[in-house]
Amino acid sequence: MANHKSALKRIRSNEAKRLRNKYQHKTTRNAVRVLRASEDKKEAQALLPNVIAMLDKLAKNNIIHQNKASNLKSKLTKHVAAL
């Protein structure tokens, strides 16, 4: 157990950040799943900018790696173009 006030605060703040990161990551994964499952091109084109923004935000906050975000954006863009 932590002995310092600052260590106790760090434990609390790390847990809050972990939960927030987990929520954002899961929400983005679900959005990607919905986009991949969509068969309607108009709907997919409407979803794509939001999903790309979500991926960029995750990469900016180091929740996922920048290259992973780029790979996902590329694959999703190709998917939408192929519909």
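The values are calculated or read from the model by the stated rules, or taken from the named source; none is laboratory data. Keep in mind the model is a prediction, meaning the values are calculated, not measured. Neighbour counts are summed over all protein chains in view; Cβ atoms, including those assigned to glycine, are modelled from backbone coordinates with ideal geometry.
Scanning for something in a helix (DSSP H, G or I), in contact with a Ser or Thr (Cβ under 9 Å, 6 or more places away or on another chain) and of a type in the set (A, V, I, L, M, F, W, C), does segment 22-44 turn up at least one residue? Yes, some residue in segment 22-44 is in a helix (DSSP H, G or I), in contact with a Ser or Thr (Cβ under 9 Å, 6 or more places away or on another chain) and of a type in the set (A, V, I, L, M, F, W, C). The sole residue among ASN21, ASN71, ASN30 that is polar (S, T, N, Q), more than 11 Å from the chain's Cα centre (by Cα) and modelled with pLDDT of 95 or more is ASN71. (1) modelled with pLDDT under 95; (2) over 15 Å from LEU76 (Cβ atoms); (3) of a type in the set (Lys, Arg); (4) surrounded by 11 or more Cβ atoms within 10 Å (Cβ to Cβ): which one isn't true of LYS41, the others all being true? Unmet condition: (2). When restricted to residues that are surrounded by 14 or more Cβ atoms within 10 Å (Cβ to Cβ) and under 23 Å from LYS17 (Cβ atoms), segment 58-83 contains 6. Selection of segment 50-73 for residues being free of Cβ contacts under 8 Å to residues at least 24 places away in the same chain and more than 14 Å from ALA31 (Cα to Cα) yields ALA59, LYS60, ASN62, HIS65, GLN66, ASN67, LYS68, SER70, ASN71.
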